[in-house]
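The values are calculated or read from the model by the stated rules, or taken from the named source; none is laboratory data. Because the structure is a prediction, the values reported are computed rather than measured. Glycine gets a Cβ as well: all are built from the backbone with ideal geometry, and neighbour counts include every protein chain shown. Please note that ligands, DNA and RNA were not included when accessible areas were found on the heavy atoms of the full protein model with its side chains. Shrake-Rupley method; radii C 1.70, N 1.55, O 1.52, S 1.80 Å.
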Amino acid sequence: AAPRPLPWEPAERAAGAGGAAMFADRTAPGADVESVWRSARSARCEAKSCQTGKISTVETAVQSHTSQDAGVQTDQSKDAVQDFQQEVQVDYTGLLSFLQKVEDAVIKELNKNWKSRAFDGFEVNWTDQNETVLCLHTLSYPEAQDQNLQVTSVSWNATGSVIACSYGRLDGGDWSTEKSYVCTWNLDRRGLNPQRPDLVVDVPSSVMCLAFHPSQPSLVAGGLFSGELVVWDTGRTEDPVVWRTGLTDDTHTDPVYQVNWLPDTQHRNQARLLSVSTDGKILVWREERDGRLALAEGFAVVAQQIPRGTGLKKFAWGEAAVGVTSLSFSHFDPRMFVVGVEGGYSLKCSTAAETLALHRTGSSVPLRAPAELAFSPHGGPVYSVSCSPFHRQVLQINAGPANLFLSCGTDGQAHLHSMLQTQPLVSLQLSKKYLFCVRWSPVRPLVFAAASGEGNCNKCFCFVGDVHLFDFEKSSQKPALSLKQAAGERPVYCVEFNTKQTRLLAAGDATGTVKVWQLSSDFTEQGPREMSHLEQLASEITD
């Protein structure tokens, strides 16, 4: 019997080994099994594969594509203005009726307050009280000190934040050929180095005086020993020279001891420069486009043309020029000024003078004689004068604070003068040696500062250079405070109040040092009746 085939064996193989078709080749058709999972996914439009699909990217800039400028203030439309004006309606008839009803009562109360003394001595003070005088900064330029140069002048700029000093010599030495410097420090700058000025200007001749421009903070003028005037721009470090006189027939023949900026009446945006010298000339310079200072007008002080007051000795110089050492303009009359001269006198002068000076010079403009009155002299040359900055709006004819000025000199005295009489109102012996500078306070009518050649130290008997602070409200005979500036018998040559930052006072000395002092409230805050005290001081003596 034939073997039964297995279920998976073909029938031909099961027929036996002897059958012809038992091992024949045959290709069986492939089996196709549909995937239920794939068909379900395709129906939902889903695709799956081993590779990731295409990645879509989008580039976006950090900054916006559009920009728009917006002003800080908004411009109000005309319609809005009209709407606003329509909304604000004032009943002027009712307001007038109300004011007329209360007028008598208001005037009665105002008159009562005017006569009241309830608030005498009371003064509102919005600043912090400072009861001590402190030295804030000690400034110097080591290279100038190595040459034993002295601080000849100091000046504050128009903002009150920059202090400038000039280096030179006021004692022996070859002044004419010795190199000197002008240095500036910005006291508001962070990281201030007191021994490294912000600007150093090399000057071939000794600088005797400095003056910052009253409104342009970067311009400073200087007078040289050679008689020249130079104006520097402190904002230009490479070539700071802006204008200069040069050496011409108009230039001073002696050292320039003071420079002042004057407003130009013809050109409001410009200023003129005034200089005084011991050659007896007072010259006014104008700016030229080519960098020159050209002489605009001038004056000459000649002994024979100085009017003498009662009891004054006659000048012994004849027609000789009188050396001018200092000058100060009146704060209420721009034509009036006071000069100090080498003969010890202070002279009242006027720019309106028309009389020609007798002193013959080769000047390009005629020089006039400005002196109107000579005051009682010091015992030696006058080194400094300072007019009072305080005055009334309506001046009295006989007397008033506006007519007061200070002078000092080699006799160690400070004189308080009225321009209406030759004799001093007060004479103060502040030093046994010279007084080199005197300045009236810009905020206290009864306070002034003076720089002396010596003073007595409180702790020992050595001599030191002093800055004296005088307050007529406290004493009319001695300083309220003396600041010890320079040790070793070295004088203080210059002192300047800061008119913007009124608590600051700068002083320069023979050691080449500038000290910036912070004044106490006593010297910077005006008392309630201080102006009347100053007026009383002037009127008592004049009577």
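Within segment 473-484, residues that are closer than 14 Å to Gln429 by Cα reach partners that are part of a loop (DSSP other than H, G, I, E, B) with beta carbons closer than 8 Å, at six or more positions or on different chains, in the pairs Pro479/Leu430; Ala480/Lys474; Ser482/Gly455. Identification of strands (runs of 3 or more DSSP E) wholly contained in segment 165-249 with 3 or more residues that are in contact with a helix residue (DSSP H, G or I) (Cβ under 8 Å, 6 or more places away or on another chain) yields 180-186.
For beta carbons closer than 7 Å, sequence separation of 6+ or different chains, a first residue in segment 503-528 that is within 22 Å of Gly453 (Cβ to Cβ) and a second that is charged (D, E, K, R), the qualifying pairs are Ala506/Glu496; Ala507/Lys515; Asp509/Arg490; Ala510/Arg490; Thr511/Arg490.
For every residue, the table says whether it meets (1) at pLDDT 85 or above; (2) under 26 Å from the mean Cα position of the chain (by Cα); (3) closer than 21 Å to Met208 by Cα.
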| site | (1), (2), (3) |
| --- | --- |
| Pro240 | yes, yes, yes |
| His252 | yes, no, yes |
| Asn269 | no, yes, no |
| Arg292 | yes, yes, yes |
| Ala300 | yes, no, yes |
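If you take the residues in segment 326-338 that are of a type in the set (A, V, I, L, M) and over 25 Å from Thr248 (Cα atoms), which one is least open to solvent (accessible area, probe 1.4 Å)? That would be Val338. Residues of segment 214-253 that are of a type in the set (A, V, I, L, M, F, W, C) and in contact (Cβ under 8 Å) with a residue 60 or more places away in the chain: Val220, Leu229, Val231.
Would you check which residues across segment 452-463 are modelled with pLDDT under 50 and open to solvent by less than 10 Å² (accessible area, probe 1.4 Å) and list them? Matches in segment 452-463: Gly455 only. Residues in segment 153-164 that are assigned to a strand (DSSP E or B) and open to solvent by 10 Å² or more (accessible area, probe 1.4 Å): Ser153, Ser155, Trp156, Val162. Selection of segment 352-367 for residues being assigned to a strand (DSSP E or B) and surrounded by fewer than 19 Cβ atoms within 10 Å (Cβ to Cβ) yields only Leu356. Scan segment 185-216 for residues that are touching a Cys at 6+ places or on another chain (Cβ under 7 Å) and open to solvent by 40 Å² or more (accessible area, probe 1.4 Å) and the total you get is 1.
Filtering segment 368-387 to residues that are more than 17 Å from Leu428 (Cα to Cα) and either open to solvent by 10 Å² or more (accessible area, probe 1.4 Å) or part of a loop (DSSP other than H, G, I, E, B) (or both) leaves Arg368, Ala369, Pro370, Ala371, Glu372, Leu373.
In the set (1) at pLDDT below 85; (2) in contact with a Gly (Cβ under 9 Å, 6 or more places away or on another chain), Lys313 fails one condition alone, (2). Just the residues that are open to solvent by 30 Å² or more (accessible area, probe 1.4 Å) and in contact with a Gly (Cβ under 9 Å, 6 or more places away or on another chain), please, taken from segment 233-257. Hits for segment 233-257 are Val241, Val242, Trp243, Arg244, Leu247, Asp249, Thr253, Asp254, Tyr257. For segment 478-495, filtering for residues that are crowded, with 22+ Cβ neighbours inside 10 Å and part of a strand (DSSP E or B) leaves 7. Report whether or not Leu134 is at pLDDT 90 or above and touching a strand residue (DSSP E or B) at 6+ places or on another chain (Cβ under 8 Å). So Leu134 fits the description; yes. Of all the criteria given as (1) basic (Lys, Arg); (2) modelled with pLDDT of 90 or more; (3) assigned to a loop (DSSP other than H, G, I, E, B), the one not satisfied by Arg117 is (2).
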